[in-house]
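See structure below.
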Amino acid sequence: VGPDGTPRPPRVSAGALRSLWACERRLYLERHAPALAAPRGAHDTMLRELAGDHVRRVRERFSDVRGPIRGEIRDETRAAAETVRLLRETRATLHRPVFLAPDGTAIAVPDFVYWEDEALVVHDARLASRIEGHYDIRVQLTHHAALIEEAAGIRPARLEVTSGRDQVLVGEPIPDSQYRALRARALGLLSGGAEPDVLKAHSRCESCPFYRHCWSRAEADGRIEAVPGMRHEVLRALGARGVRTLQQLASLDPEALADSLKIGRLGRHLVLSARALRDRAPVWLETPRLPPGRPLVWLDCEGDSDPDDGAQVVYLWGLAVDPDPAGGPLQVESLFGDLAPGGDAAGWRRFLARAGEIRARFPGAVWVHYSPYERTAFAMCRRRYGDPEGVTDHIERSAFDLHAEAITRWVKLPLRSLSIKHVAPFVGFHWSDPESGSAWSLVQYRRARATADPGARRAILDRIAAYNRDDLEAMRAVWRWIEQWLGRMRRQRHAATAPSRHRPGGAVRRTRAP
Ligand code: SF4
């Protein structure tokens, strides 16, 4: 509603176009069912605060700034009239000016517009370090330019962005036909109609505020989009054959499906995943073969983009040497970097020193991690800071990725995702701090960097370390669960092949034979 309490007419904003670009169902729900959204989490709040700080820093670089007009004048029509007046009567830089389409169906509020030799420049402040590949940023800049022309009759000479690395980057507008189509679609969704019947990939939905709404409904309806690994083209082909539910997909012959759709091993993968979901039980594809080396060394690192220069940094290397995965609690070592610019280098050196000791003492150890992030972190830190003794080469040769080499290869699970946050609870493990998560961890890391109070800092780092310890315990719980299944499979195989007193040639007959 507007400031006077009356319902606002639907207006396409840059934010609406960004939501549409992410998912049209999301834009629809934001407008028509906002109460279904999850409350904003600490990570989103942190990003908003960082974005606000960034805009304030960019503002300081301009002189003769008026505004923020959107903040000072709440009524959009009056704010738009004031913006046009200032553009006509001054050459001031305008902070959060308001541009309203003549028919009232669209609005744009760029961060800044400023004059350069009688040409108007649109300038946004973004946390992203690059804009190539960020089509959504180009869409929003194009929207600003279109609305400035419609509202004030001025065609901006340039669109630009101050990135999260404080570089000024020029943004290319998207083609006009694409922009018009997006804007028309956004207005249609904002105006009403039925909720779009869309379900995006789980990896994208998981961070969406409407995740619970969309995925609970998808599972209740038995939608096959919820099957991990489903692809759009396969979905269409299945729909054309009348296969629309999990039950139908689970009952297909995997080989016949693969042949008829020409999708090779994906056919088997989809049908067996559907069976796991239908029966709420694991479906094993092959007998697990866990690496025999010992001890195990559990490894999990936490990373973030550096608040000072936007570069990726690893701020915690967590590891635990484990002679017996069925034993008591892990002895976890939490190797933090220094909480200062460039402090990740110190964390890397600490990690190399400790990992070198482990290599010398336990040359047959198996380093277990979950997902490729640890290998990516090795490559990044080696490139940046070196590894003169080849410690990480050794680790990589003896490493085992529990996600890629075990869970995704050996078994289909009745889960939406095979990330550790889904798999570990399935096998009975729960994080001791239910608030924690990787996004939570990096919020805490930034809080630790920001505080000048050593006690508060220590307390925050201890919470991050406890979360990381749970990550290692979560991996260990998955390992144990695989071992338990392996034991069960061996017992079944043994029972099936062992001589039986009830079968010819069984144990009883043999004892009687002589
Ligand atoms: S959860 Fe997924 S499908 Fe639902 S609105 Fe969000 S992105 Fe779209």
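Summary table
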{"item": "Environment charge of R40, counting only residues whose C-beta is closer than 12 Å and scoring Lys/Arg +1, Asp/Glu -1", "result": "-1"}
{"item": "Amide H contacts under 5 Å for V368, placed H, 5+ residues apart", "result": "V297, W298, L299, F400"}
{"item": "Those lysines that a straight Cα-Cα span of less than 20 Å connects to K200, excepting residues fewer than 8 apart in one chain", "result": "K421"}
{"item": "Ordering of 325-333, 186-194 by burial proxy (mean other Cβ atoms within 10 Å per residue, highest first)", "result": "186-194, 325-333"}
{"item": "Acute angle (nearest 10 degrees) that the helix 176-191 long axis makes with the longest principal axis of the chain, alpha-carbon atoms", "result": "80 degrees"}
{"item": "HN-Hα J in Hz across the stretch 43-48 - Karplus 6.51, -1.76, 1.60, θ = phi - 60°, x for Gly and Pro", "result": "5, 5, 4, 4, 4, 4"}
{"item": "Hz values of 3J(HN,Hα) by residue in the stretch 90-101 - Karplus curve (6.51, -1.76, 1.60), Gly and Pro given as x", "result": "9, 10, 6, 6, 9, 9, 6, x, 10, 10, 10, 5"}
{"item": "Amide proton proximity set for L120, modelled H, under 5 Å, gap of 5+", "result": "A157"}
{"item": "Euclidean distance of C-alpha centroids, the stretch 151-195 and the stretch 270-338, integer Å", "result": "41 Å"}
{"item": "Kirkwood Rh in Å, taken over the chain so that all alpha-carbon pairs contribute", "result": "27.1 Å"}
{"item": "Centre separation in Å (Cα based) which lies between the stretch 228-250 and the stretch 46-73", "result": "48 Å"}
{"item": "Relative packing of 469-476, 483-490, which averages over residues the other C-beta atoms within 10 Å, highest first", "result": "469-476, 483-490"}
{"item": "³J(HN,Hα), Karplus 6.51/-1.76/1.60, whole Hz, each residue of the stretch 487-496, x for Gly, Pro", "result": "x, 5, 5, 5, 5, 5, 5, 4, 5, 6"}
{"item": "For A125, residues with placed amide H under 5 Å, excluding near neighbours", "result": "D111, T162"}
{"item": "The chain, helix-only ellipticity at 222 nm - DSSP H runs n ≥ 4, -39,500 (n - 2.57), divided by all residues, nearest 500", "result": "-15000 deg cm²/dmol"}
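The numbers here are math on the coordinates, done by the rules we state, and not lab data. Since we're looking at a predicted model, the values are computed, not measured. Every residue, glycine among them, receives a Cβ derived from its backbone with ideal geometry; neighbour counts consider all protein chains shown.
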